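Visitor: Sending over a structure as structure tokens; questions will come in a sec.
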Protein chains: 4
Amino acid sequence: MDYNKIFTDINAKLSSYKDDGAVASYIPELQRVLPNKFGVHLCSVEGMNYHFGDSEEKFSIQSIVKVLSLTMAFEIEEDELWKRVGVEPSGNPFNSLVQLEYDEGIPRNPFINAGAIVIADVLVSKLKNPREDFINFVRHLSGNNQIDYCDRIAQSEKSKGHRNAALCNLMKSFGNIENNIHEVIDFYFDLCSIEMTCSELARTFLFLANYGKDPVNGNQIISSSKSKRINAVMQLCGLYDEAGEFSFKVGLPGKSGVGGGIAVVHPGKYSMVVWSPRLNKKGNSNKGMRFLEEFTSYTASSIF
Amino acid sequence: MDYNKIFTDINAKLSSYKDDGAVASYIPELQRVLPNKFGVHLCSVEGMNYHFGDSEEKFSIQSIVKVLSLTMAFEIEEDELWKRVGVEPSGNPFNSLVQLEYDEGIPRNPFINAGAIVIADVLVSKLKNPREDFINFVRHLSGNNQIDYCDRIAQSEKSKGHRNAALCNLMKSFGNIENNIHEVIDFYFDLCSIEMTCSELARTFLFLANYGKDPVNGNQIISSSKSKRINAVMQLCGLYDEAGEFSFKVGLPGKSGVGGGIAVVHPGKYSMVVWSPRLNKKGNSNKGMRFLEEFTSYTASSIF
Amino acid sequence: MDYNKIFTDINAKLSSYKDDGAVASYIPELQRVLPNKFGVHLCSVEGMNYHFGDSEEKFSIQSIVKVLSLTMAFEIEEDELWKRVGVEPSGNPFNSLVQLEYDEGIPRNPFINAGAIVIADVLVSKLKNPREDFINFVRHLSGNNQIDYCDRIAQSEKSKGHRNAALCNLMKSFGNIENNIHEVIDFYFDLCSIEMTCSELARTFLFLANYGKDPVNGNQIISSSKSKRINAVMQLCGLYDEAGEFSFKVGLPGKSGVGGGIAVVHPGKYSMVVWSPRLNKKGNSNKGMRFLEEFTSYTASSIF
Amino acid sequence: MDYNKIFTDINAKLSSYKDDGAVASYIPELQRVLPNKFGVHLCSVEGMNYHFGDSEEKFSIQSIVKVLSLTMAFEIEEDELWKRVGVEPSGNPFNSLVQLEYDEGIPRNPFINAGAIVIADVLVSKLKNPREDFINFVRHLSGNNQIDYCDRIAQSEKSKGHRNAALCNLMKSFGNIENNIHEVIDFYFDLCSIEMTCSELARTFLFLANYGKDPVNGNQIISSSKSKRINAVMQLCGLYDEAGEFSFKVGLPGKSGVGGGIAVVHPGKYSMVVWSPRLNKKGNSNKGMRFLEEFTSYTASSIF
């Protein structure tokens, strides 16, 4: 399919679309981004690349990194991992403490903040040099040694991270955090600070569109079975309490971040990243969701 | 693929499986079923049929009917429907009032009891003879004029339906039920009382495996887009608060019922029904889930 | 003390008080009342009476009756009563289902709707003619044979009672309602429909200001110990989720109703009723609370 | 009244009472206490003293201190205080995060942990030397310069304080904590570590039994109005989610601590402290509650 043309057509169709979303403002560093940026990049499993707009511009991937940290932890801690974190949608905002208290410190899934903090704790326990080892893993996935943390963003988040500290302390009180709270939280914020372009991020997610195997270089990153399971968790839990809406309208496994990015995969076909910084009330990219809905309708390529 | 052989192999593998589930006991009529019954039937979109065990025995489809009533209501009330019921997973048990109160009478999705009662209310409003019109629709889908309600089961449920009456009254207090409460609840229990065999039910679901079109007779039941959306709702909400677990392990859109049945579809490939009356603590068929997990692993046919 | 003068002084002080509350509007019958009505009546245990304003005008006592039905049920079912209803403040609105579901059908206290419905169920079980027997009990307490139900109000409520029907059905599903739901709910609405004047209602509550004994005629209505316990429940639970505020500012056991009445007692001293139909957001009389706050400050007569 | 004789009689009556409660075990320091200790001390406003058992033995007053820190903060921050903390019973366990999240960081009352942490934050903001200034205030109330913090207990709590850190971080994220979290939490644990005997603690609470004025030396500690309001908050919120039960059975304003102490006051009559380290499931002294119930029944001295 000529995805470049499709991108152009959809963009034209959406030109009259009035985006009333707002750029994430809880830290100054994120607020600085230009709100009307828009980029999209698609990597097919056959090795083709398609893109549109600001697809070569870096943005803060934020929560999208949670798919990558889950992938790494799942490899390391296959058996024990799912005793410490569930795979059910939360039905609640991404940073809710209510459910966590009710469930006695076991987060519903690895994509809400509490769950991603547990995953960070696993990596801190198991990796020799968590910060370096993780970025090396991401560089390996992306085939790009320039991918890096953004210390400015990480610092900015650390100064505002009281709610995540609340989550972490609560889990520690239930015995579900092994390491020092500050170390875990700092590492968690480092992860979220990684910056990539649409094209870099789509490339990084390509193994999940190809049953765990990087189709470019043939590396089997994870088993087919694990790849399917990570995609299933994305489908059910990847867009916070808008996962149902996203499945209903877009119909692909995906993961969003407050930087305005959304990464999706169509198993057997492609990985794709859209980026548009204005967010809706649930914290997901407004135009990003709208674009993806048009895209899967146009191409009839939802997985359902 | 030789699904008959695969069924036999998986059944052999599970022969040592100790099923500690219990048959639904809240009404005497359901409790009477033999707990060790097991049947499976698969219809491929190419028109092939595969089966194993008690696949020709009738069972109470219970909540599985909610997919069929949603299908009918979605056709009738396309635009207004989603103002009265959401598409998000609930994260709570199927008959919870908590969320319904918090969400001011709008059920999270059409597969929890409250949502299915709203769907029943829509049908009562829009159909001339709700009871006859609905069973005729099911007969049309299944190509079988013998499908019918089971009055014995319906009566038994009506005498115990206080919690569903509570849900219905609560929604009425928020203005989300249009008709008389007793009429809506009675119709709801009628729907749940339908009895089918595995083969009849798999045949009935076949249009959802074929983008809304019945591949046997070529009837376009609903549009491709609606078929995809119904499957998406099944994926996210079809197994109550075990939807995540089911997606993680089985990886197909599916819907369960307390009669022990589970219907799944693989878009573009097949529809399939398993039946085993022993339920786990979340109200889903124990062996049914286990069998499906083995089946999609064996055939590598999850959608992810 | 010259309470008549105090009433006049406080009323003068409050003359500039802007009451932005609204008359209860969920049933037309209640909405018909003139919003600026204001009456107060105090009965001292020595037999003196003091009053001000519209104290001889009938109003719908609504939930204030719950103290009287509790008194009757406590006499009949001393031992078993507290297994079916608690004595803890709810911390939630008066008609919440959330807590009731969490607590498996046992209402937190007899003054939230669910608890009062359980009390009504007890009376339906134990009284030969619940409707007549109860009004006779109230006539006995008030020394007034003219006190009666208002059928017009009761009918109006019955047509809107879906939420109370939801509560009742939910409790029935947990086994905490013995009788037919319609019979219990109808009786409950009858109770709430009783009409009295401030002076009649203050007279009726006088036994609770005198350790269970009517000081006018010397009848021991209930034991001193039970009188103290009923007052304790009023103190903790009498003003829904504003009980703390009321204790903090007024400092007396009291019970409010959506008709705009508030009955309070000062054990050993007096019973007192204020009536002003404009309600605050929590459903309690705005000016009534304000007047009582001034009164107990002025007379330094909170119990604390 | 001859309270000494009454104490002896009640103790005799309770001699056959089987106390199945358990000493608080979440920190080793508290667990070390002898479980069968029992002491009681009553100070009348006329200056008489009555006691029984281990009334001269020091114990950790724990949460009882929250009444004293509230008293001090109420004097300092009269107007602003109640914007940051409510006066409603919580209906939930003392350390619940659920309500705090729902109420956007405003604790229900000053006696649940979150509320007491806000009070600690107020004192840290307003006092020059919080630690010294507060203990001097307590020494002033008790007329005893030997009262002190127990560093051993405070240290032990600080090492286990993850849940309180979670509460504090959550409130900070809502803007309801002004100071550094560690400083506030440390001060909070210092407060809870104070040790007193029954006689010292009863003496300390005497001003609340006498409308804010210390009857021994005539010092007006706080106004009568404030004293009444603090007592009202104790009545409604002093025993966590057992406040209703305590009001129902004992009928006095009181505050408990996990060290096994309970302080009560009867306005106009007496202050009284019982101490028995075995706790019931809600964290209140088992025998302490039982003894107080017998005492107010025997002396007919509940305030209701």
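Visitor: Could you run through the range D:242-255 and say how many residues are more than 17 Å from C:Ser227 (Cα to Cα) and either among the basic types (Lys, Arg) or touching an Asp or Glu at 6+ places or on another chain (Cβ under 6 Å) (or both)?
Guide: Summing the residues that are more than 17 Å from C:Ser227 (Cα to Cα) and either among the basic types (Lys, Arg) or touching an Asp or Glu at 6+ places or on another chain (Cβ under 6 Å) (or both) in the range D:242-255 gives 1.
Visitor: Still on this model: Give the residues of the range B:114-137 that are surrounded by fewer than 24 Cβ atoms within 10 Å (Cβ to Cβ) and either within 20 Å of B:Gly254 (Cβ to Cβ) or β-branched (Val, Ile, Thr) (or both), sorted by residue number.
Guide: B:Val124, B:Ile135 - these are the residues of the range B:114-137 that are surrounded by fewer than 24 Cβ atoms within 10 Å (Cβ to Cβ) and either within 20 Å of B:Gly254 (Cβ to Cβ) or β-branched (Val, Ile, Thr) (or both).
Visitor: Additional query: Could you tell me whether the range C:54-77 includes any residue that is surrounded by fewer than 18 Cβ atoms within 10 Å (Cβ to Cβ), of a type in the set (Ser, Thr, Tyr) and either touching a helix residue (DSSP H, G or I) at 6+ places or on another chain (Cβ under 7 Å) or modelled with pLDDT of 95 or more (or both)?
Guide: Taking every residue of the range C:54-77 in turn, none turns out to be surrounded by fewer than 18 Cβ atoms within 10 Å (Cβ to Cβ), of a type in the set (Ser, Thr, Tyr) and either touching a helix residue (DSSP H, G or I) at 6+ places or on another chain (Cβ under 7 Å) or modelled with pLDDT of 95 or more (or both).
Visitor: Could you pull out the residue among C:Ser90, C:Ser15 that is out of contact with any Phe, Trp or Tyr (no Cβ under 7 Å at 6 or more places or on another chain) and either crowded, with 18+ Cβ neighbours inside 10 Å or in a loop (DSSP other than H, G, I, E, B) (or both)?
Guide: Sole residue among the options that is out of contact with any Phe, Trp or Tyr (no Cβ under 7 Å at 6 or more places or on another chain) and either crowded, with 18+ Cβ neighbours inside 10 Å or in a loop (DSSP other than H, G, I, E, B) (or both): C:Ser90.
Visitor: On to the next question. Give, as residue ranges, the helices (runs of 4 or more DSSP H) completely inside the range D:120-213 that count at least 2 residues that are more than 14 Å from chain A (Cβ to nearest Cβ).
Guide: D:130-142, D:151-158, D:181-192, D:198-205
Visitor: One residue is enough: does the range D:229-242 have a residue meeting the conditions of a type in the set (A, V, I, L, M, F, W, C), outside any helix (DSSP H, G or I), crowded, with 24+ Cβ neighbours inside 10 Å and touching a residue at least 12 places away in the same chain (Cβ under 8 Å)?
Guide: The answer is yes; a qualifying residue exists.
Visitor: Let me spell it out: the conditions are (1) among the polar types (S, T, N, Q); (2) over 30 Å from A:Glu56 (Cα atoms); (3) modelled with pLDDT under 95, and A:Asn176 meets all of them except one. Which number is the exception?
Guide: For A:Asn176, the exception is condition (3).
Visitor: Within the range C:98-119, which residues are small (Gly, Ala, Ser), assigned to a helix (DSSP H, G or I) and closer than 17 Å to B:His162 by Cβ?
Guide: C:Ala114
Visitor: Right, here's the next one. Pairs under 8 Å by beta carbon, first residue without any contact (Cβ under 8 Å) to a residue 24 or more places away in the chain in the range C:98-121, partner of a type in the set (Val, Ile, Thr), six or more apart or different chains?
Guide: If the second residue must be of a type in the set (Val, Ile, Thr), the pairs left are C:Val98/B:Val98; C:Tyr102/B:Val98.
Visitor: Among the residues of the range B:269-304, write down those that are free of Cβ contacts under 8 Å to residues at least 12 places away in the same chain and of a type outside the set (A, V, I, L, M, F, W, C).
Guide: If the condition is that a residue be free of Cβ contacts under 8 Å to residues at least 12 places away in the same chain and of a type outside the set (A, V, I, L, M, F, W, C), then B:Lys281, B:Ser297 are the ones that fit.
Visitor: Being surrounded by fewer than 23 Cβ atoms within 10 Å (Cβ to Cβ) and either of a type in the set (Asp, Glu) or within 15 Å of the chain's Cα centre (by Cα) (or both) is the filter here, so list the residues in the range A:289-304 that pass it.
Guide: A:Glu293, A:Glu294
Visitor: Could you list, in sequence order, the residues of the range A:19-50 that are closer than 15 Å to A:Asn4 by Cβ and in a strand (DSSP E or B)?
Guide: A:Gly39, A:Val40, A:His41, A:Leu42, A:Cys43, A:Ser44, A:Asn49, A:Tyr50
Visitor: A further question on this structure: Going through the range D:58-87 one residue at a time, which ones are in a loop (DSSP other than H, G, I, E, B), within 14 Å of another protein chain (Cβ to nearest Cβ) and of a type in the set (D, E, K, R)?
Guide: D:Glu78
Visitor: Can you list residue pairs whose Cβ atoms sit under 6 Å apart, with the first residue in the range A:28-47 being at pLDDT 95 or above and of a type in the set (Gly, Ala, Ser) and the second being surrounded by 20 or more Cβ atoms within 10 Å (Cβ to Cβ) and part of a strand (DSSP E or B)? Count only pairs 6 or more apart in sequence or on different chains.
Guide: A:Gly39/A:Trp275; A:Ser44/A:Tyr270
Visitor: Here is a further query. For the range C:245-288, what are the residues that are touching a Pro at 6+ places or on another chain (Cβ under 6 Å) and surrounded by 24 or more Cβ atoms within 10 Å (Cβ to Cβ)?
Guide: C:Gly260, C:Val265, C:Pro277
Visitor: Out of curiosity, is D:Glu101 within 11 Å of chain C (Cβ to nearest Cβ), buried (at least 18 other Cβ atoms within 10 Å of the Cβ) and among the acidic types (Asp, Glu)?
Guide: It is false that D:Glu101 is within 11 Å of chain C (Cβ to nearest Cβ), buried (at least 18 other Cβ atoms within 10 Å of the Cβ) and among the acidic types (Asp, Glu).
Visitor: Also: Scan the range D:243-294 for residues that are over 17 Å from D:Ala22 (Cβ atoms) and assigned to a helix (DSSP H, G or I) and jot them down.
Guide: D:Ala243, D:Gly244, D:Glu245, D:Phe246, D:Ser247, D:Phe248, D:Lys249, D:Phe291, D:Leu292, D:Glu293, D:Glu294
The values are calculated or read from the model by the stated rules, or taken from the named source; none is laboratory data. Here the structure is a predicted model, which means the values were calculated and not measured. Every residue, glycine among them, receives a Cβ derived from its backbone with ideal geometry; neighbour counts consider all protein chains shown.
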